[in-house]
1. Sticking with the crude label model, points 7 Å out along Cα→Cβ, report the distance from residue 98 to residue 431 in nm, one decimal please.
2. How much of residue 290 can a 1.4 Å solvent probe reach, expressed as accessible area in Å² and rounded to 10?
3. Given a Förster radius of 35 Å and the C-beta distance between residue 618 and residue 249 as r, what FRET efficiency does 1/(1 + (r/R0)^6) yield to the nearest 0.05?
4. Would you mind getting the accessible area per residue of segment 295-425, heavy atoms of the protein chains only, 1.4 Å probe, in Å²?
5. Per DSSP H run of at least 4 residues, take -39500 (n - 2.57); add these up for the chain, divide by its residues and hand me the 222 nm value, nearest 500 deg cm²/dmol.
6. Within the chain, what's the longest stretch lacking chymotrypsin sites (Phe, Trp or Tyr not before Pro) that sit in DSSP loops with no more than 11 other Cβ atoms inside 10 Å?
7. List the residues whose amide H sits under 5 Å from the amide H of residue 335, counting only those 5 or more places along or on another chain, with H placed 1.01 Å from N in the peptide plane.
8. When DSSP beta bridges are limited to those with both residues in the chain, what percentage is antiparallel, rounded to the nearest 5?
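The values are calculated or read from the model by the stated rules, or taken from the named source; none is laboratory data. What you see is a predicted model; the values in this text were computed from it and never measured. Positions of Cβ are backbone-derived with ideal geometry, glycine not excepted, and every protein chain shown enters the neighbour counts. Side chains are part of the model used for accessible areas, which takes the heavy atoms of the whole protein and leaves out ligands, DNA and RNA. Shrake-Rupley method; radii C 1.70, N 1.55, O 1.52, S 1.80 Å.
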Amino acid sequence: MPKLTIDGIGIEVEAGTTILQAADMLGIEIPRFCYHERLAIAGNCRMCLVEVEKMPKPVASCAMPVGEGMVVRTNTPGVRKARQGVMEFLLINHPLDCPICDQGGECDLQDQAMAYGRDRGRYHEDKRAVADKEFGPLIETFMTRCIQCTRCVRFITEIAGVPELGALGRGEHMEIATYLNRAIDSELSGNLIDLCPVGALTNKPASYTYRSWELKKTESVDAMDGLGAAIRVDTRGNEVIRILPRANDAVNEEWLSDRSRFACDGLKHQRLDRCYIRQDGRLQPAAWPEALQAIAARLKGVPAARIAAIAGDQADCETLVAMKDLMASLGSPHLDCRQDGAKLETGVRASYLFNATIAGIEETDALLVVGSNPRKEAPVLNARIRKRWLKGGLTAAVVGPDGDFGFRHEWLGDGPATLAEIAAGRHPFFEVLKAARKPMLILGQGALARDDGAAVLGLARTLAETTGMVKDGWNGFSVLHTAAARVGGLDLGFVPGQGGRDVAGIVAGAAAGEIEAVFLLGADEVEMNALGSAFVVYLGSHGDAGAHRADVVLPGAAYTEKSATWVNTEGRVQRGRLAVFPPGEAKEDWKVVRALSGALGKPLPYDGLAQVRERLAAVNPVFATLGAAAPAGWGAFGGGGPVAGAPFVSPIDNFYMTDPISRASKTMAECTATFGATCGCNHQKTGTHG
């Protein structure tokens, strides 16, 4: 390991470390525009110039590896003059747009011009102008401001795996543009806005609506999919203006999917802000006491065996445990959190977790994806797979829907018959998994939300056990969830009790008149027309399918409007924080369930959030530890029997509209119109893709 001295401070670093990285370790600030720690080194902005002893001229510290005995100076008069010269050149053509630029107040160019630039310029020639480009409904372009740092080009090519951006022309005429002059078709395109160090790429849906210093910033977690990405919710007053990613190397690094980032305008539309009761076939506004009494009156005398509850995909754990306790007090075993009908069990926690963990993807050397399109179901996780593939040494294969996932893979087949062949050891890829050091299986909901889902789960377990996928220090059996509420619901046992009905049974029972009352906790993906004449109570935040079918509507809070707990696909317990208050008369969901229990004469034994969280930990000890993805014990799970011949199908047809919030979003509607419902994944299901 080479030793060097930076500004008189000695440090020993690994071979291959650059001077800039070594300086960062010492806390010595070196300005940069093109360098980013998660992207390949470009070395084209020259802002990071430093002096190195025995070298005749300043060197770019981002691209210069350290050497034994190297002496580096980062703040000499020569370095300051060089940086001033670089900044002067950068500002030759940069327009004076700061008063109207959305990047104002959080612009790297502004900050570094103040800190490292001159107090005046010497150029008086006309500035060049560059035509703005059309990058789609999410990114606003002002290409005259571009300084050609190429961060956007490197991200879209390396991380997102969609090589649609590049530099056209040379010298003063160089421009960043899409090769085919079309919108950027990537589920991660919004990250280009964060990476841009100037105002060339900005947030199109929120253009000219905010200044960064006006926003209140609240750290929270994303509930738009099962990943549980770390986010920051920026608000002004009681309105969510934008959502940005927070750095969390264990989950999302510092990236965020476009739906999680841009669907926030759906929080303002089609909101439920007061109670409604259906009278004479129409929903009429009502006060809270009136709505709760209407429910109590309708349920009076209804046997417990005729009452059921279904939880939606964004329900928080506090609400789930409260509803489970209410159903238990009523004596009903009919409850389910598997809105899509996935054949998952609760007895063995490892049977429904992403056991390898998201960060563990970087350790695998053989990967089999079954019944999942990770690019649509979890774009940030898919980027992690691509990151692992780019390092080399990964053999990947897919059973199920095929497409351009961003990593090279072999398509083996589209249905459970292929999985059965691999599990039985009759397929060449069985030997690939068995010979791997850390083999991994990603099992998607497309393989589990089917009538033969239990048999498929059993096949997957057999494959994991026979290939050595489960061993000390490694469990490669990984279930990829698309719903934020799913793992938490399974951890809490929000599944049918003894003799209880699952979602399909509840719907069938309602159609047959055997279920008289159904509680929907934000459950909008159920076939509402099949509920027959059942009395439906909907608790949710948006006027989606459930609210249209309901007989009583109780307004709840969206994920940005409550302090709540979710468990991500790898079993990591995380808490979101209230960023804005629910609109109108809407309340936090668990409080509504608590009030409802009182109206039904079965008051729950907790009144505060702390008490509810104590109840969570009492039901399952995993809720006592936050932020950790603890290993789960292995055991027997899954069913046997034959599997159907129907191919696996991804549960997500349209990446941009998967839930009530995104369906209410104008931005997501524009994305759907621009990119369609297939997200670029209609590729021929043969051969190898990369």
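1. According to this spin-label approximation, the distance is 6.7 nm.
2. Its accessible surface works out to 90 Å², give or take rounding.
3. Numbers: r = 32 Å, r/R0 = 0.91.
Computed FRET efficiency for residue 618 and residue 249: 0.65.
4. On the way: 3370 Å² over 131 residues.
Here the per-residue accessible area is 26 Å².
5. Working: 21 runs with 179 residues, N = 690.
Helices in the chain give a 222 nm mean residue ellipticity of -7000 deg cm²/dmol.
6. On the way: sites that count: 123, 179, 208.
Excluding the exposed sites themselves, the longest stretch runs over 209-690.
7. Amide H neighbours of residue 335: 309, 497, 501.
8. Numbers: 46 of 83 bridges.
In the chain, DSSP labels about 55 percent of beta bridges as antiparallel.
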